[in-house]
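The numbers here are math on the coordinates, done by the rules we state, and not lab data. Quick caveat: nothing in here was measured; it's all calculated off a predicted structure. Every residue, glycine among them, receives a Cβ derived from its backbone with ideal geometry; neighbour counts consider all protein chains shown.
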Amino acid sequence: METVALHTRLKPGKEADYDREHAVIPQELDVALREAGVHSWRIWRSGRDLFHVVEVDDYARMREQLRDHPANIPWQARMAELLDVEDDYSGAQPDVKKVWELPS
């Protein structure tokens with residue numbers, strides 16, 4: 001299993017919309033994420049900055065499975081209205097690298 005950290009940013013004034021959209025995601029999207037190997041996806045927001053931690057079997061495979069999934073397409077279209085940079089699914093690797101963690 002992989003643990004992946006992601007950073008995204010909202011367009012100005014879209015904070016409440018983003019929070020509202022994520023209060024309950026569509027059931028078909030939940031199923032699609034789980035079928036793509038996602039075990040956990042947590043998001044924190046600080047102002048317009050979003051920090052995601054995803055626990056997934058294989059991040060690159062998950063993105064490939066979700067790219068054209070019928071449950072994900074409308075979700076991504078809605079997120080594109082809220083995010084500063086739309087996810088075009090061109091990259092399979094996250095851009096946040098782990099630098100340090102508290103030793104056990």
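Charge dipole of the chain (Cα centre as origin; +1 on each Lys and Arg Cβ, -1 on each Asp and Glu Cβ, all else neutral): 280 debye, rounded to the nearest 20.
A cut-off under 15 angstrom between Cβ atoms defines the neighbours of Val24, and their net charge, with Lys, Arg +1 and Asp, Glu -1, is -3.
Which loop-located GluC sites (Glu not before Pro) does the chain contain, where loop means any DSSP state but H, G, I, E or B and the Cβ has at most 14 other Cβ atoms within 10 Å? The qualifying sites are Glu86, Glu101.
The residues Val53, Val85, when put in order of fewest to most other Cβ atoms within 10 Å, stand as Val85, Val53. Projected label points at Ile73 and Arg61, each 7 Å from Cα along the beta carbon direction, are separated by 2.4 nanometres. Here the sum of -39500 (n - 2.57) over DSSP H runs of 4 or more residues, divided by the residues of the chain, equals -10500 deg cm²/dmol at 222 nm, to the nearest 500.
Computed over the chain, the percent of Cα pairs more than 22 Å apart is 30. Note on Ser104 and Asp30: the model spin-label points, each 7 Å out from Cα along the C-beta direction, lie 3.3 nm apart. Net charge near Val85: determine it from the other residues with C-beta under 14 Å of the C-beta of Val85, scoring Lys and Arg +1 and Asp and Glu -1. Result for the local shell: -3.
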